[in-house]
Amino acid sequence: MKSYSFCPICANRLEQAFIDGRERMFCPSCSWVHYVNPLPVAVAYTVNPKNELLVIRRAHEPAFNEWALPGGFLETGEEPHEGCLRELMEETSLMGKVDSLIGVYHRDVELYGSLLVVAYKVIVTNDAITINHELFEAGFYPPHLIPEIRIPLHLQIIQDAAKS
Ligand SMILES: [Zn+2]
């Protein structure tokens, strides 16, 4: 993760200081502080009426070409469950309904830094998929045929979904 060198408000050079319990970059001219907070992400653990799991193969970084659960960044002003269903719709054209919250997680990724991940169980009744440019493929799989998922967080979410 790259950090700011100059103030985005007044363009002064930033300095490092210990503020609110952490080393942070701040602007000595206008007092702007660079608070680095996690980015919120929603993930959709999506099942069809046969209880098959939706798994997608990613066509972008991070985890390029990896099998995964669909999801993405929340937009400003969006409820987490709305963002979850929007991402599912954008990536697969599936119209889902949130069934339950599976869990809330933190992880660090090189590309974006700190992420706060909210995972929902989503149910779809019509499972005809049209993928967008973010995916190579997507499909519903019964438990014994799910492609190998190697993203630790997504494995965790699948495990937690089984418990709930
Ligand atoms: Zn400034």
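Computed from the coordinates by the stated procedures, all read-outs in this text should not be read as laboratory data. Here the structure is a predicted model, which means the values were calculated and not measured. With ideal geometry, Cβ positions are generated from the backbone for all residues, glycine too; neighbour counts draw on all protein chains shown.
Where Lys and Arg each count +1 and Asp and Glu each count -1, what net charge lies around VAL98 among other residues with Cβ under 11 Å from its Cβ? Walk me through the numbers before you get to the answer.
Details: positive: LYS97, LYS121; negative: GLU79, GLU82, ASP99.
Around VAL98, the surrounding residues sum to -1.
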Worksheet item: What FRET efficiency would be calculated for the residue pair ALA59, LYS163, taking the C-beta separation as r and a Förster radius of 30 Å, to the nearest 0.05?
Response: 0.45
Practice prompt. Taking the Cα centre of the stretch 39-163 as origin, sum charge times position over the Cβ atoms of Lys and Arg (+1) and Asp and Glu (-1), and report the length of that vector in debye to the nearest 20.
Written response: 400 debye
Worksheet entry | Whichever lysines have a C-alpha closer than 27 Å to that of LYS50, once near sequence neighbours (fewer than 8 apart) are set aside | LYS97, LYS121, LYS163
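How would you rank THR76, THR92, going from fewest to most other Cβ atoms within 10 Å of each one's own Cβ? Present the calculation step by step, with values, prior to reporting the outcome.
Working: THR76 4, THR92 25.
So the residues, fewest neighbours to most, are THR76, THR92.
Normalised by the number of residues in the chain, what is the relative contact order in percent for Cα pairs under 8 Å and 6+ residues apart? Intermediate values should be presented prior to the final figure.
On the way: 331 pairs, mean separation 41.6, N = 164.
Reported as a whole number, the value is 25 percent.
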Worksheet item: At what distance in angstrom do the alpha carbon centres of the stretch 59-91 and the stretch 3-43 lie from each other?
Response: 27 Å
Worksheet item: What ranking do VAL109, VAL122, VAL104, VAL55 get, fewest neighbouring Cβ atoms within 10 angstrom at the top?
Response: VAL104, VAL109, VAL55, VAL122
Worksheet item: Comparing LYS50, LYS97, LYS121, which has the greatest mean-square fluctuation in the GNM of the chain with Cα pairs linked when under 10 Å apart?
Response: LYS50
Worksheet entry | Where a label projected 7 Å from the Cα of SER3 along Cα→Cβ would reach, residues of the stretch 96-129 with amide N under 18 Å | 108-115
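If you stretched the chain out fully between ILE123 and LEU145, how much longer would it get, using 0.36 nm times the residue separation minus the C-alpha to C-alpha distance? Write out the running numbers ahead of the final one.
On the way: separation 22, 0.36 × 22 = 7.92 nm, distance 1.92 nm.
Fully extending the segment from ILE123 to LEU145 adds 6.0 nm.
So what's the back-of-envelope 222 nm ellipticity for the chain, counting only DSSP H runs of four-plus at -39500 (n - 2.57) apiece and dividing by all residues, rounded to 500? Write down the numbers at each step before the final one.
Working: 2 runs with 25 residues, N = 164.
Mean residue ellipticity, 222 nm, calculated: -5000 deg cm²/dmol.
If the convex hull of the alpha-carbon atoms of the chain is projected onto planes in all directions, what is the mean projected area in square nanometres?
Working: hull surface 44.6 nm².
So the mean shadow area of the Cα hull is 11.1 nm².
What does the charge count near ALA59 come to, summing +1 for each Lys or Arg and -1 for each Asp or Glu among other residues with Cβ under 11 Å from its Cβ?
Values: positive: ARG57, ARG58; negative: GLU61, GLU66, GLU91, GLU134, GLU137.
Taking every other residue near ALA59 into account, the sum is -3.
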Worksheet item: How much length is gained if the chain between SER100 and VAL36 is pulled fully straight, taking 0.36 nm per residue apart and subtracting their Cα-Cα distance, in nm to one decimal?
Response: 20.1 nm
Practice prompt. Report the net charge of residues surrounding GLY71, where surrounding means a beta-carbon distance below 9 angstrom and charges are Lys +1, Arg +1, Asp -1, Glu -1.
Written response: -2
